[in-house]
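A short write-up of the structure that comes next.
The values are calculated or read from the model by the stated rules, or taken from the named source; none is laboratory data. All figures in this text were calculated on a predicted structure; none of them were measured in a lab. All Cβ positions, glycine included, derive from the backbone under ideal geometry; neighbour counts span all protein chains shown.
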Amino acid sequence: MGRYSIKQFVENTGQKDLGQGNFELERDRLLEVNLDGRVWIKKGTMVAYNGDIRFTREGVLEHGLGKLVKKAVTGEGLSLTKAEGKGKLYLAEMGKKVTILELDGQSIYVNGNDLLAFEETVKWDIKMMKRIAGFMSGGLFNVLLEGKGMVAITTHYDPLTLQVTKDRPVFTDPNATVAWSGNLQPDLRTDISLKTLVGRSSGESLQMAFTGEGFVVIQPYEEVYLATVQT
């Protein structure tokens, strides 16, 4: 049905309390945060709020000198805003789908571009993959999240999770890779023959190789990053 009376429209599209906890999917592309304290959100993702909420951009040394240096290396790809107070906060980014993950002592790596929000109880750090000197233009760095609390990530369309086993490694396009389990340490490799076949200087010719035991989350969409590996 595409036509409504004003009353029908308000009723059908109105906010609903789903009782899911501090992080709640108000829509599949809209995160509702039932805030009573503090939460970290990706800069520029607040679309609405009610109640008494204050927003503060993270200070230069908010998370210590080590993270400041790492953010400089990764091109400031992850900018956080601190939301404090009590009320309802609504977050979205470019119409991407939102998934809520609840950590209970586990750890997960998330591409910095796909991290929407996380609770203050979650520990985090910026990590660079092994055997990689650096990337240009940001985009291809990742954030390690661990401990207890809720994390919200975003994907273009529905995410797909692939299992990694000792006898079945998984290879992914970095531009389509969203997250992976905290025990995996992917390597980066190039496929010259595939590069020649598809005529690209990145993407399918540049692959992330996951080995061991764990999982990888991908999206059916390649976000375009101008990434090059320094040698």
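Contact map, segment 152-172: residues that are on the phi > 0 side of the Ramachandran plot paired with residues that are surrounded by 15 or more Cβ atoms within 10 Å (Cβ to Cβ), Cβ distance under 8 Å, separation 6+ or inter-chain. Pairs shown: Tyr157/Lys97; Tyr157/Gln219.
Table: residues versus (1) touching a Cys at 6+ places or on another chain (Cβ under 8 Å); (2) at pLDDT below 95; (3) assigned to a helix (DSSP H, G or I).
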residue: Glu26; (1), (2), (3): no, yes, no
residue: Val33; (1), (2), (3): no, no, no
residue: Arg54; (1), (2), (3): no, no, no
residue: Lys71; (1), (2), (3): no, yes, yes
